[in-house]
Amino acid sequence: MVPINTTNVTPQNTRVANALGAEDSSVRLKAALAVGSNPDPEFLEALVERCAVEPDFFVRDMLSWALTRLSPEVTLPRIRQELDSERTQARSQALHTLSKIGDKSTWAWITRDMLRDADDELARTAWRVAVSLVPEDEEKDLVDELVLQLGRGDRNVQLSLSRAFVDLGDVIKPALEKAAEHPDPAVAAHARATELLRQDPETGFDAAIEEAKRVVTLGPEGAAAVAAAASAGTETSETAETSETAESTEAAKAAEASETAHC
């Protein structure tokens, strides 16, 4: 059995607290569901403690859901404490739970250090939560902060940041246009790809990144010329294929006619 802190757990809920720390993830999931289905403030500490160490994504999500079932007046002060935890997962899950609760007054709890955290998963969560909680009059300041993260990390990290930007809407356009001229090609390409997604959310991120990289490397005119050449090449290939098919058909008909004449 995985140990769990039961400091504030009464005898009445010790069994549930132990179930939250069971070795079998399905048992932990059912325990979190049971607590959320019958919310009781006495389970608060057990839920928060388990969030900090739970290895299974689905169980963590159920733990956060269970916390949202409690009164915000009870939950939020305890979640606030977790944001200062030394454990990265505790901070990340606390942020995730804040996004689930959706109390706009907690916007002030999202610090620059969180948005810049060296841990990619924590930073990604902070970006998403910040975008969901930011007041309209502070959106520009948030954009200016998030721009500093352009070009960071692998595909998944960059995709998360782009999605956060797109969720903010048109307010991001001036900052992205400026970042698109950044001397670092990774930053410039990420900015351009994000702007493409803003203009057309249906554009695939990978396609947007590749197009942005071409523009950064070749310049707008060079990228357009390459695209035009590629398009022309495709049309030429299709035309040649059609011509070859027609010639083959005519040759076959001529051969068949010749064979018939000799019979």
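The values are calculated or read from the model by the stated rules, or taken from the named source; none is laboratory data. Quantities reported herein were computed from a predicted structural model and do not represent experimental measurements. Using ideal geometry, Cβ is built from the backbone for each residue, glycine included, and neighbour counts are taken over all protein chains shown. Quick note on the areas: whole protein, heavy atoms, side chains included, nothing else; ligands and nucleic acids left out. Shrake-Rupley method; radii C 1.70, N 1.55, O 1.52, S 1.80 Å.
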Inset, instruction - Any chance you could count how many residues in the stretch 159-190 are over 14 Å from the mean Cα position of the chain (by Cα) and either within 15 Å of GLY204 (Cα to Cα) or small (Gly, Ala, Ser) (or both)? - result: 8
Inset, instruction - Answer yes if at least one residue in the stretch 198-208 is farther than 30 Å from GLU138 by Cα, crowded, with 20+ Cβ neighbours inside 10 Å and at pLDDT 85 or above, and no otherwise. - result: no
Legend entry - Hits in the stretch 28-56 - residues which are buried (at least 16 other Cβ atoms within 10 Å of the Cβ) and among the aliphatic types (A, V, I, L, M): LEU29, ALA31, ALA32, VAL35, LEU44, ALA46, LEU47, VAL48, ALA52, VAL53
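Can you pull out the residues in the stretch 15-25 that are open to solvent by 50 Å² or more (accessible area, probe 1.4 Å) and assigned to a helix (DSSP H, G or I)? Working first, answer last.
Step one: of the stretch 15-25, the residues open to solvent by 50 Å² or more (accessible area, probe 1.4 Å) are 15, 18, 23-24.
Those that are open to solvent by 50 Å² or more (accessible area, probe 1.4 Å) and assigned to a helix (DSSP H, G or I): ARG15, ASN18.
Yes/no per residue for (1) aliphatic (A, V, I, L, M); (2) at positive phi; (3) over 22 Å from the mean Cα position of the chain (by Cα); (4) crowded, with 17+ Cβ neighbours inside 10 Å:
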residue: PHE58; (1), (2), (3), (4): no, no, no, no
residue: ARG69; (1), (2), (3), (4): no, no, yes, no
residue: ILE79; (1), (2), (3), (4): yes, no, yes, yes
residue: SER92; (1), (2), (3), (4): no, no, no, yes
residue: ASP103; (1), (2), (3), (4): no, no, no, no
residue: TRP107; (1), (2), (3), (4): no, no, no, no
Legend entry - Residue identified as farther than 22 Å from LEU20 by Cα and open to solvent by 50 Å² or more (accessible area, probe 1.4 Å) among ARG87, ARG124: ARG124
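Restricting to the stretch 131-148, and then to whatever is open to solvent by less than 20 Å² (accessible area, probe 1.4 Å) and assigned to a helix (DSSP H, G or I), can you tell me which residue is farthest from ALA191 (Cα to Cα)? Before the answer, list the steps.
Step one: list which residues in the stretch 131-148 are open to solvent by less than 20 Å² (accessible area, probe 1.4 Å), which gives 133-134, 142-143, 145-146.
Subsequent filtering for residues that are assigned to a helix (DSSP H, G or I) retains 133, 142-143, 145-146.
On the way: LEU133: 23, LEU142: 15, VAL143: 12, GLU145: 14, LEU146: 11 Å.
Residue satisfying both the conditions and the ranking: LEU133.
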